[in-house]
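Visitor: Before anything else, here's the structure in question.
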Amino acid sequence: MSIKEKLLKLLEENENKYVSGEALSVSLGVTRTAVWKAVNKLKDEGYPIDSVKNCGYKLNCNADVMEESDISALVTAQGVTVTAKRHVSSTNTVLREQAEKGAEHGSVFVASSQSAGRGRMGRSFFSPDDTGIYMSILLRPSFDAEKASLITCAAAVAVCKAIEKVCGADVRIKWVNDIFLGGKKVCGILTEASFSMESGKLEYAVLGIGINVYKPEGGFPCEIESIAGYIAEKREKKLRSRLTAQIINEFFSIYGEYEAFDFVDEYKARSFVIGKKVKIIRGDTVKNATVTDIDGKCRLLVEYENGEKDALSSGEISIRF
């Protein structure tokens, strides 16, 4: 165990209490300069540590910093390897680069912030530091590309189940890839795939999940403040690590029986768009319709105003109020 890890353990044992630099130095068997350096490393990683002259150091209660070791300890799914960083450009970008270099199925990359997070339709995904979960999962499916098209739907069910278990929140799915709480979007899912040019077969898929756990300091940007929401009102110790691990466990539990497509019934049951009047957006074309159902392939069944019916496997919808 490193000096930094030992120091963190001591501060956690004395959480919300000041411990003098001298006491920490003696307990760790290192110089006070070494203690100071270790404290600064922890601060750089996001730990809320107060430093007061003649008092020492204090770890504030309810510190919610995502630690690779905390997440890994809670993951029960087999064959999963977790890597966690504080800042990245995009977890999907990083994991796709690793996939091209031979990273294995079950590799998971997690970050506390993204500088270039991506959503569907080429949009950016707001990813501020220390308030959300941004994660990507590498899959190397043995099934064909058509079946793989429902990975996003399976992930949506897994995220809902994890949020409900860990946070007690009642969340719902907006077709095809958004999770809503109280009428606001709290999670987006983006699956990107790579196909072999020679065989046309799926080589791998990278499943990206972005979740707003807490309200960002200063709120959301004006362009999304009316639609973006968050899960937890108050910070809770290691909540994000616990939620991340639960999502991984729930997803791989579903993935283990993926080809049975049992998750489709849960996806449909958690949808809040069935029976709603919607606008269907495909490029520059917008059509009004009513959602009549979601079928066994997670296609959105709609009826247009002229009575024509359709089954959508892709696209975007907005609810008409």
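The values are calculated or read from the model by the stated rules, or taken from the named source; none is laboratory data. The structure displayed is predicted, hence computed values, not measured ones. Reconstructed Cβ throughout: ideal geometry from the backbone, glycine too, with neighbour counts over all protein chains shown. These area figures cover heavy atoms from the full protein model, side chains too; ligands, DNA and RNA do not enter into them. Shrake-Rupley method; radii C 1.70, N 1.55, O 1.52, S 1.80 Å.
Visitor: Mind listing just one residue for me: the one in the range 92-148 that is within 15 Å of the chain's Cα centre (by Cα) and of a type in the set (Asp, Glu) and, of those, surrounded by the fewest Cβ atoms within 10 Å (Cβ to Cβ)?
Guide: 129
Visitor: Let me ask something else about it. In the list 264, 291, which residue meets the criterion of being modelled with pLDDT of 95 or more, surrounded by 17 or more Cβ atoms within 10 Å (Cβ to Cβ) and more than 22 Å from the chain's Cα centre (by Cα)? Before the answer, list the steps.
Guide: On the way: 264 fails: more than 22 Å from the chain's Cα centre (by Cα).
Answer to the selection: 291.
Visitor: Evaluate the range 185-208: report whether one residue or more is within 19 Å of residue 242 (Cβ to Cβ), of a type in the set (Asp, Glu) and either at pLDDT below 95 or open to solvent by 10 Å² or more (accessible area, probe 1.4 Å) (or both).
Guide: no
Visitor: When residues of the range 11-48 are filtered for being exposed (fewer than 15 other Cβ atoms within 10 Å of the Cβ) and in contact with a Ser or Thr (Cβ under 8 Å, 6 or more places away or on another chain), how many remain?
Guide: Counting residues in the range 11-48 that are exposed (fewer than 15 other Cβ atoms within 10 Å of the Cβ) and in contact with a Ser or Thr (Cβ under 8 Å, 6 or more places away or on another chain) gives 2.
Visitor: For the range 249-260, name all the residues that are within 14 Å of residue 156 (Cβ to Cβ) and either open to solvent by 30 Å² or more (accessible area, probe 1.4 Å) or touching a Ser or Thr at 6+ places or on another chain (Cβ under 7 Å) (or both).
Guide: 255 - this is the single residue of the range 249-260 that is within 14 Å of residue 156 (Cβ to Cβ) and either open to solvent by 30 Å² or more (accessible area, probe 1.4 Å) or touching a Ser or Thr at 6+ places or on another chain (Cβ under 7 Å) (or both).
Visitor: So, one more: Does the range 154-165 contain at least one residue that is within 18 Å of the chain's Cα centre (by Cα), open to solvent by 40 Å² or more (accessible area, probe 1.4 Å) and on the phi > 0 side of the Ramachandran plot?
Guide: no
Visitor: Filtering the range 290-314 down to residues that are in contact (Cβ under 8 Å) with a residue 40 or more places away in the chain and of a type outside the set (A, V, I, L, M), which residue is nearest to residue 227 (Cα to Cα)?
Guide: Once the filter is applied, the top-ranked residue is 314.
Visitor: So which residues in the range 7-60 are more than 19 Å from residue 130 (Cβ to Cβ), basic (Lys, Arg), part of a helix (DSSP H, G or I) and at pLDDT below 90, if there are any at all?
Guide: 9
Visitor: Another question, if that's okay. Restricting attention to the range 49-84, and to residues there that are of a type in the set (Gly, Ala, Ser) and surrounded by 13 or more Cβ atoms within 10 Å (Cβ to Cβ), which single residue is farthest from residue 240 (Cα to Cα)?
Guide: That would be 56.
Each row is one residue, and each column tells you yes or no for (1) touching a Phe, Trp or Tyr at 6+ places or on another chain (Cβ under 8 Å); (2) of a type in the set (Gly, Ala, Ser).
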site: 213; (1), (2): yes, no
site: 219; (1), (2): no, yes
site: 228; (1), (2): yes, yes
site: 250; (1), (2): no, no
site: 274; (1), (2): no, no
site: 277; (1), (2): no, no
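Visitor: Now for a different question. Return only the number of the condition from (1) under 18 Å from the mean Cα position of the chain (by Cα); (2) part of a strand (DSSP E or B) that residue 317 does not satisfy.
Guide: (1)
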